[in-house]
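Here's the structure, in structure tokens; my notes come after.
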Amino acid sequence: MTTDPPPLIGVIGPTASGKSARAIELAQELDGEVISVDSRQVYKMLDIGTEKISVEEMQGIPHHLIDVLDPKEIYSAGDFVRDAERLIADMRARGKQPILAGGTHFYFDALLYGLPEGTPKNEVLRAELEMRSAEELMEEVEKLDPRRASRLDPNNKRRIIRALEIIHDRGTVPERERTEPAYEIDWEVCNPERDVLRERIVSRLESAFARGLVDEVRTVRAYVGDDRLNELGLEYKVIGEYLRDERSEASLLPHLSSRLWHYARHQKSWLRSLTT
């Protein structure tokens, strides 16, 4: 007689909400291993800017999908689904509890509900969209397809452009392939009060700058170039602007704090969608 495996555990929450620490606590309690659900921590070299967990902070708990790719490579939601499915099956075969933790909510959606059917690339449209800022593009997605906008990282210009490409082709981003999730999952939500979260965002940024964030971005920029740097997340894009003398050093902390708070609000919106 076979029994169904226990549900997956999904540790979710906005940036700076304590997801990594909570995932480790659960892994210790439940004999689990952690699968990172983070579109940037998968890359080597991106340590301080992504708040990548250190080996010491892991406390002996195996973590997967961290530091596995060169930052010049592209890692898609489809790649994540393939890797996560393989890891979940392996953990369950070894009697381990899979714990998925991270803030890339589109990856959670893709794993549980599938990816929409492919839409062909539109190179002409992409070239036009590339000329506009991520903020302008995100506003257009919010106007044309608010449902899809709530699941997008407003700092990930490449994915915003892809969403607009699909919207221009189909009128909207198609609904999920499945209405029922591929896996049963129990959500562990880390969602501090607004004031607490804002303070954490600022404190974490101050710590990142003190630990050498600008030097890290300088190194990554020299390796991947400016175009790819802009795709690696808000911190890398904004500090890249400073390194190109396009903004002042004094503007970095207040600008990043404001933009990361805006991102956290989008993440909170996705969390609300789970319970409504």
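Derivation of every value follows stated rules applied to the coordinates shown; laboratory data play no part. Since the structure is predicted, the reported quantities are computational estimates derived from the model, not experimental observations. For neighbour counting, all protein chains shown are included, and Cβ atoms are generated from backbone atoms with ideal geometry for every residue, glycine included.
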In deg cm²/dmol, rounded to 500, what helix-only [θ] at 222 nm does the chain give when every DSSP H run of at least 4 residues adds -39500 (n - 2.57) and the total is split over its residues? -16000 deg cm²/dmol
Going through the cross-link list Lys72/Lys237; Lys44/Lys72; Lys44/Lys96; Lys121/Lys157; Lys72/Lys157; Lys19/Lys157, which pairs have a Cα-Cα distance over 18 Å in this structure? Lys44/Lys96; Lys19/Lys157
For segment 1-123, what is the convex hull volume of its Cα atoms per residue in Å³? 131
What share of the DSSP beta bridges in the chain is antiparallel, in percent to the nearest 5? 0
Relative frequency of Cα-Cα separations exceeding 20 Å in segment 194-267, percent: 30
Residues Met131, Met138 arranged by fewest to most Cβ contacts within 10 Å: Met131, Met138
Filtered GluC sites (Glu not before Pro), segment 14-80: DSSP coil and at most 14 other beta carbons within 10 Å: Glu73
Filtered GluC sites (Glu not before Pro), segment 177-222: DSSP coil and at most 12 other beta carbons within 10 Å: Glu177, Glu184, Glu193
Residues of segment 56-70 with the amide nitrogen closer than 15 Å to a label point 7 Å from the Cα of Asp90, along Cα-to-Cβ, please. 62-69
When Ser257, Ser248, Ser273 are arranged by how many other beta-carbons sit within 10 Å of their Cβ, fewest first, they go Ser248, Ser273, Ser257
